[in-house]
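Take a look at the structure below.
The values are calculated or read from the model by the stated rules, or taken from the named source; none is laboratory data. No experiment lies behind these values; they were computed from the predicted model shown. Neighbour counts are summed over all protein chains in view; Cβ atoms, including those assigned to glycine, are modelled from backbone coordinates with ideal geometry.
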Amino acid sequence: MTGHMAAHMIAVAIAAPLIALGLQGSRYDPATLVPRLATPLAAALVEAVVVWGWHVPALRRLVAHAPAWLAIEQAMFLAAGLLLWSAVLAPRHRAAGVAALLVTSMHMTLLGALIGLAPRPLYMHHGPDALADQQLAGVVMLLVGGIAYLIGGLAMLGRLLQPREGAPA
């Protein structure tokens, strides 16, 4: 489970923001392709539904037994992450982008804590170390997911609070 969680975190917290930066302002920028969903708070809600939804035990079992569902899951993680990062990086949404990233950091931290602190395995896993593997996966989500969005939100907040050129001090 830890390896799967690492792949998920790479998709939403590393690949998605880098791809969003690369697409920013292009005709392929999700912020311009799906403008109704590409507002920071709407995108954060979509991302939360995708992340929490795929962590429901019944869907985890489906993914564990069918490689096609694993591909769909990872594609949805990447798409939701790309939508979120594209929305928050859009210059017109700076304040809402900060809020969306900080809220996303909180829900990633909460889900990671729930997975990592569960007293029993929540997901089907074979082997004697099922709980330890789940706990480590929760820590990966909590640290990578929670911290990536927190750093992004705080960096954007810092830029938002800087005085603008030509503005009175």
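Tabulated values for the structure
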{"quantity": "Filter result for the condition that a residue is touching a residue at least 60 places away in the same chain (Cβ under 8 Å) and part of a helix (DSSP H, G or I), over ALA79, ALA20", "calculated": "ALA20"}
{"quantity": "Matching residues, segment 118-128, being modelled with pLDDT under 90 and surrounded by fewer than 12 Cβ atoms within 10 Å (Cβ to Cβ)", "calculated": "HIS126, GLY127, PRO128"}
{"quantity": "Lone unmet requirement of (1) in a loop (DSSP other than H, G, I, E, B); (2) free of Cβ contacts under 8 Å to residues at least 60 places away in the same chain for MET124", "calculated": "(2)"}
{"quantity": "Number of the exception - SER86 against (1) in contact with a His (Cβ under 7 Å, 6 or more places away or on another chain); (2) closer than 15 Å to THR39 by Cβ", "calculated": "(1)"}
{"quantity": "Residue list for segment 42-57, filter: touching a residue at least 60 places away in the same chain (Cβ under 8 Å), over 10 Å from the mean Cα position of the chain (by Cα) and assigned to a helix (DSSP H, G or I)", "calculated": "PRO57"}
{"quantity": "Selection status of ALA20, over 16 Å from GLY112 (Cβ atoms), crowded, with 18+ Cβ neighbours inside 10 Å and of a type in the set (A, V, I, L, M, F, W, C)", "calculated": "yes"}
{"quantity": "Residue in segment 90-101 that is surrounded by fewer than 18 Cβ atoms within 10 Å (Cβ to Cβ) and either closer than 17 Å to MET1 by Cβ or touching a residue at least 60 places away in the same chain (Cβ under 8 Å) (or both) present", "calculated": "yes"}
{"quantity": "Odd one out for GLU73, checked against (1) more than 18 Å from ALA100 (Cα to Cα); (2) surrounded by fewer than 18 Cβ atoms within 10 Å (Cβ to Cβ); (3) under 17 Å from the mean Cα position of the chain (by Cα)", "calculated": "(2)"}
{"quantity": "Scan of segment 137-151 for residues that are surrounded by fewer than 18 Cβ atoms within 10 Å (Cβ to Cβ) and either of a type outside the set (Val, Ile, Thr) or in contact with a Lys or Arg (Cβ under 6 Å, 6 or more places away or on another chain) (or both), ordered by number", "calculated": "LEU143, LEU150"}
{"quantity": "Filter result for MET156 (in contact with a Lys or Arg (Cβ under 7 Å, 6 or more places away or on another chain), touching a residue at least 12 places away in the same chain (Cβ under 8 Å) and either in a helix (DSSP H, G or I) or of a type in the set (S, T, N, Q) (or both))", "calculated": "yes"}
{"quantity": "Subset tally (residues that are in a helix (DSSP H, G or I), more than 20 Å from THR104 (Cα to Cα) and touching a residue at least 60 places away in the same chain (Cβ under 8 Å)) for segment 23-41", "calculated": "1"}
{"quantity": "Residue within segment 87-100 that is outside any helix (DSSP H, G or I) and either at pLDDT below 90 or out of contact with any Cys (no Cβ under 8 Å at 6 or more places or on another chain) (or both) present", "calculated": "yes"}
